[in-house]
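Inspection log for the structure reproduced underneath, given as structure tokens.
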Amino acid sequence: MRKLTSEEIARAAGGRLIRGGGMETATEVVIDSREAGSGKVFFAIKGQVHDAHKFIPDVVNSGCRIVVVSDESKAPEGCDVILADDTLKALQNLAAYYMRTLDIKTVAVTGSVGKTSTRDLIYAGLSSKYRTARSRKNFNNQFGVPLTVLALDGTEEAAVIEMGMEHKGEIHRLADIVRPHIGVITNIGISHMENLGSREGIRDAKLEITDFFTTENTLVIDGADDMLKDLKSDSYGIVRVGSCPDAAVSVDGITDKGALGVDVKLTAFGKKTDVHLKIPGAHNGINLALAVAACSLMGVDPSDAAKAMEKAELTGNRLKVSDAGGITVIDDSYNAAPASMKSAVKTLMATAGKRRIAVFAGMAELGENSRALHEEVGEFAAEEGVDLLITIGENAEGIKAGAERKNIKSAVHFEKRDDIYPEIEKIFAPGDVILIKGSRVMELEKLTEKIHEMMK
């Protein structure tokens, strides 16, 4: 963030300065008291579980001289204090203000699955031509997007920002902050069904990314997605990719090489391009097409963008391949949905090894059909020929039940992640290929770490 005074921050955030002279400055915004320090402004967020106001003494002791509060009684001495009715809204207001001061082109990405992979591919493509920024870590929510915006220093020419949501109206607010030039919706799945009631509800919530679009803006979609294929608009442009007849970027063939990545044949705006992604997963063929289309709309030659994407690396634990004492571990533990679970199974089965082993935890926020959807994933794993299925946690029992219904070769269930640790050396052996995937709350990346620790 460029240097802002406490007076400017107060005005932009919709708060008022209640202590100090307004001339303290900051170049960074934090909401975690452990990250506070000199030259930073701290927003004390009240969450459902924690109230950051209680950490204000620590923040001040760290050298922070600008604090934003919603509880006036917690206003500290010795620094500039800004009072706001709601510190989260104040943070979002500041981000919206700051974004308007920048000369930057933005791409926003949302969707049920594949958001981060598509974001990372777009980042690689845009970086071939522009000084480009992207969302920090997995910062895609009501807190993360403002922090991503406020981390821009003003030298960037382009940015790709991921937008996630759990409820209706959340992407609307994020779109208002960013005002993206290009929007991308990867797909409409069933995550957050329990909050939004139907896939139609999920689609409408995702389409909030276009709420501030005009005829100068464009939305990029998979034209074969059953919830998006009939989408029309007189208010903004629509570019379709994939296997639909009017695809601007068509996927003419995908060869899944398992842990080695995928080969994709594209025709991008009339020009054929062969691409090898080192990122595993056949589903990334469509993500690649979405990314090439978005980059093209931003002025990057499609072939240049695609070639740059060959070097892309995904953020976090998304189909991350590693070796643990002769065992190939495919860590896709960041998150899980039925479609991504099935796609990951295909990647597992396309990877050479003595045994293919799937370690699955449950999937979250699937609503009333959760059990049936878990069983469906288990059935799919069995039908694809998985040698051993290991399930962890209560919801994952449905995966095991579905797999056993289809006569999987072997399946075992553990109530908790830690219960498998004593069995690791008994279950796994050199030559195995292990896929690890489940809901983020299960923190299955810790199982990956334990396998490496015990099998090295």
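The values are calculated or read from the model by the stated rules, or taken from the named source; none is laboratory data. Here the structure is a predicted model, which means the values were calculated and not measured. Virtual Cβ from ideal backbone geometry, glycine too; neighbours counted across all protein chains shown.
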Under 7 Å by Cβ, and 6 or more places apart or on different chains, what pairs join a residue from the range 50-67 that is farther than 19 Å from residue 3 by Cβ with one that is among the acidic types (Asp, Glu)?
53/71
For the condition closer than 22 Å to residue 311 by Cα and surrounded by 20 or more Cβ atoms within 10 Å (Cβ to Cβ), what is the one hit in 124, 175, 95, 90?
124
Give 300, 321 a once-over and let me know the one that is at pLDDT 95 or above and hydrophobic (A, V, I, L, M, F, W, C).
300
Please list, ordered by first then second residue, the pairs with beta carbon atoms under 9 Å, 6 or more apart or interchain, first in the range 15-42 and assigned by TED's automatic domain parsing to the domain that holds residue 71 and under 17 Å from residue 76 (Cβ atoms), second aromatic (Phe, Trp, Tyr) and assigned to a loop (DSSP other than H, G, I, E, B).
31/143
Output the number of residues of the range 49-105 satisfying the condition of being within 17 Å of residue 144 (Cα to Cα) and assigned to a helix (DSSP H, G or I).
14
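Yes/no per residue for (1) over 21 Å from residue 341 (Cβ atoms); (2) in contact with a Lys or Arg (Cβ under 7 Å, 6 or more places away or on another chain); (3) of a type outside the set (A, V, I, L, M, F, W, C):
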{"position": "115", "(1), (2), (3)": "no, no, yes"}
{"position": "125", "(1), (2), (3)": "yes, no, yes"}
{"position": "129", "(1), (2), (3)": "yes, no, yes"}
{"position": "133", "(1), (2), (3)": "yes, no, no"}
{"position": "147", "(1), (2), (3)": "yes, yes, no"}
{"position": "156", "(1), (2), (3)": "yes, yes, yes"}
{"position": "173", "(1), (2), (3)": "yes, no, yes"}
{"position": "177", "(1), (2), (3)": "yes, no, no"}
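Okay, residues lined up against (1) outside the structural domain of residue 344 (by TED's automatic domain parsing); (2) within 26 Å of the chain's Cα centre (by Cα); (3) more than 23 Å from residue 383 (Cβ to Cβ):
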{"position": "410", "(1), (2), (3)": "no, no, no"}
{"position": "413", "(1), (2), (3)": "no, no, no"}
{"position": "421", "(1), (2), (3)": "no, no, yes"}
{"position": "430", "(1), (2), (3)": "no, no, yes"}
{"position": "433", "(1), (2), (3)": "no, yes, no"}
{"position": "436", "(1), (2), (3)": "no, yes, no"}
{"position": "446", "(1), (2), (3)": "no, yes, yes"}
{"position": "449", "(1), (2), (3)": "no, yes, yes"}
Looking for something assigned to a strand (DSSP E or B) and under 16 Å from the mean Cα position of the chain (by Cα) - is there at least one such residue anywhere in the range 163-175?
no
Checklist (1) within 21 Å of residue 332 (Cβ to Cβ); (2) without any contact (Cβ under 8 Å) to a residue 60 or more places away in the chain; (3) assigned to a loop (DSSP other than H, G, I, E, B) applied to residue 232, failing item
(1)
Among 312, 291, 247, 282, which is the only one that is outside any helix (DSSP H, G or I), under 19 Å from the mean Cα position of the chain (by Cα), in contact (Cβ under 8 Å) with a residue 12 or more places away in the chain and more than 22 Å from residue 349 (Cα to Cα)?
312
Right, residue 55: within 30 Å of the chain's Cα centre (by Cα) and either at pLDDT below 95 or more than 21 Å from residue 21 (Cβ to Cβ) (or both) or not?
yes
Please state which one of 184, 239 is crowded, with 23+ Cβ neighbours inside 10 Å, outside the structural domain of residue 343 (by TED's automatic domain parsing) and outside any loop (DSSP other than H, G, I, E, B).
184
I'm trying to understand the selection: among the residues of the range 18-51, which are within 15 Å of residue 84 (Cβ to Cβ), surrounded by fewer than 19 Cβ atoms within 10 Å (Cβ to Cβ) and aliphatic (A, V, I, L, M)?
18
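Quick one: would you say residue 368 is under 25 Å from residue 350 (Cα atoms) and either in contact with a Ser or Thr (Cβ under 8 Å, 6 or more places away or on another chain) or touching a residue at least 12 places away in the same chain (Cβ under 8 Å) (or both)?
Details: under 25 Å from residue 350 (Cα atoms): no; either in contact with a Ser or Thr (Cβ under 8 Å, 6 or more places away or on another chain) or touching a residue at least 12 places away in the same chain (Cβ under 8 Å) (or both): yes.
It is false that residue 368 is under 25 Å from residue 350 (Cα atoms) and either in contact with a Ser or Thr (Cβ under 8 Å, 6 or more places away or on another chain) or touching a residue at least 12 places away in the same chain (Cβ under 8 Å) (or both).
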Might you check whether a residue that is touching a residue at least 60 places away in the same chain (Cβ under 8 Å), among the aromatic types (Phe, Trp, Tyr) and assigned by TED's automatic domain parsing to the domain that holds residue 298 occurs anywhere in the range 140-147?
yes
Residue 255 passes all but one of the listed conditions (1) among the β-branched types (Val, Ile, Thr); (2) farther than 30 Å from residue 328 by Cβ; (3) free of Cβ contacts under 8 Å to residues at least 60 places away in the same chain; (4) part of a strand (DSSP E or B); the exception is number (2)
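Looking at 378, 362 in this structure, which one is of a type in the set (Gly, Ala, Ser), surrounded by 22 or more Cβ atoms within 10 Å (Cβ to Cβ), closer than 26 Å to residue 279 by Cα and modelled with pLDDT under 95?
Every option except 362 fails the conditions.
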Only one of (1) crowded, with 24+ Cβ neighbours inside 10 Å; (2) within 20 Å of the chain's Cα centre (by Cα) fails for residue 348. Which number is that?
(2)
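Taking the stated definitions as given, is residue 389 surrounded by 23 or more Cβ atoms within 10 Å (Cβ to Cβ) and at pLDDT 95 or above?
yes
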Output the number of the condition that residue 3 fails; it satisfies all remaining conditions of (1) within 21 Å of residue 152 (Cβ to Cβ); (2) surrounded by 14 or more Cβ atoms within 10 Å (Cβ to Cβ).
(2)
Is it the case that some residue within the range 111-134 is touching a strand residue (DSSP E or B) at 6+ places or on another chain (Cβ under 8 Å), at pLDDT 95 or above and among the aromatic types (Phe, Trp, Tyr)?
yes
So for the range 322-331 (the condition being farther than 23 Å from residue 243 by Cα, assigned to a loop (DSSP other than H, G, I, E, B) and not β-branched (Val, Ile, Thr)), does at least one residue qualify?
yes
